[in-house]
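Bear in mind that the values in this text are calculations on the coordinates, not laboratory data. None of the values given here were measured: they were computed from a predicted structure. Ideal geometry is used to build each Cβ from the backbone, glycine not excepted, and the neighbour counts take in all protein chains shown.
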Amino acid sequence: MDYEQWRFYPMRLSDLDQVMQIEEYSFPTPWRRHMYESDLRTNSHSRFYVIRSVQTGELAAYIGSWFIYDEAHVGTIATRREYRGQGLAAQLLAYTALAALNEAMQYMILEVRVNNEPAKHLYERLGFQLVGIRKGYYTDTGEDALLMTCDNLSGLASQLAIREG
Ligand SMILES: CC(C)(COP(=O)(O)OP(=O)(O)OC[C@H]1O[C@@H](n2cnc3c(N)ncnc32)[C@H](O)[C@@H]1OP(=O)(O)O)[C@@H](O)C(=O)NCCC(=O)NCCS
């Protein structure tokens, strides 16, 4: 992977056309645009980031998290289909871990669908541990959510290879 071809940026309202395009095919129940808008406009806890191509500016992947008290809660993460499997989601998690460390967060937490093998594989590889199951959490499919946490934020952040734009 040539990480030099990518850069991190804070998500902006002008990114939302591309975010929504990826969102629509990535999740059984996509977030609505107004949910992103409200996070970006008014939620001081929101830490939303994107990865864009240096050459084309194309948005390749994004993450949305909330930093509250000592917890960095990842609420959404997705990679454009053609760029999956190249480490971009891992980089977004590493970047969020670094931001979390800088703001004195103690751990990261997320929910993942029990049948989402690529995501589970990714989180396990990055050191997230299963800490609970929320039965029937996803009302669209009735799937359980696995609750996973990572408290080794510096280990995760040390995997950062993409630079800020
Ligand atoms: C989950 C997702 C964000 C991962 O993005 P990505 O940029 O491809 O992630 P990475 O390249 O960093 O890592 C993907 C890992 O999943 C693995 N993977 C891919 N398809 C897989 C599959 N069918 N089964 C198991 N593992 C799989 C890859 O091998 C890779 O692991 P590795 O680095 O150990 O080889 C992406 O698949 C996606 O956007 N999915 C739709 C949205 C989603 O489910 N988000 C997560 C919500 S909790």
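Of all residues in region 91-127 being closer than 18 Å to Leu160 by Cβ and of a type in the set (S, T, N, Q), which is surrounded by the most Cβ atoms within 10 Å (Cβ to Cβ)?
Restricting to residues being closer than 18 Å to Leu160 by Cβ and of a type in the set (S, T, N, Q), the top hit is Thr96.
Restricting the search to region 11-58, which residues are closer than 16 Å to Ala99 by Cβ, of a type outside the set (Lys, Arg) and touching a residue at least 40 places away in the same chain (Cβ under 8 Å)?
Met11, Tyr49, Val50, Ile51, listed by residue number.
Could you list, in sequence order, the residues of region 18-58 that are out of contact with any Phe, Trp or Tyr (no Cβ under 7 Å at 6 or more places or on another chain), within 30 Å of Ala104 (Cβ to Cβ) and of a type in the set (A, V, I, L, M)?
Met35
In region 59-98, how many residues are within 14 Å of Leu110 (Cα to Cα), assigned to a strand (DSSP E or B) and within 10 Å of the ligand (Cβ to nearest atom)?
So the count comes out to 6.
Can you confirm whether region 25-44 contains a residue that is charged (D, E, K, R), within 15 Å of the ligand (Cβ to nearest atom) and either part of a loop (DSSP other than H, G, I, E, B) or crowded, with 16+ Cβ neighbours inside 10 Å (or both)?
Checked against the condition, which is being charged (D, E, K, R), within 15 Å of the ligand (Cβ to nearest atom) and either part of a loop (DSSP other than H, G, I, E, B) or crowded, with 16+ Cβ neighbours inside 10 Å (or both), region 25-44 yields no hits at all.
Scanning region 103-126 for residues that are part of a loop (DSSP other than H, G, I, E, B) and closer than 18 Å to Ile63 by Cα, which turns out nearest to the ligand (Cβ to nearest atom)? Can you show your working first?
If we filter region 103-126 for residues that are part of a loop (DSSP other than H, G, I, E, B), which is where we start, we get 103-106, 114-116, 126.
Pick out the ones that are also closer than 18 Å to Ile63 by Cα and you get 103, 105, 116, 126.
Details: Glu103: 22, Met105: 19, Asn116: 5, Leu126: 8 Å.
So the residue we want is Asn116.
Considering every residue within region 129-150, establish whether at least one is under 16 Å from the mean Cα position of the chain (by Cα), within 16 Å of Ile109 (Cβ to Cβ) and in a loop (DSSP other than H, G, I, E, B).
There is no residue in region 129-150 that is under 16 Å from the mean Cα position of the chain (by Cα), within 16 Å of Ile109 (Cβ to Cβ) and in a loop (DSSP other than H, G, I, E, B).
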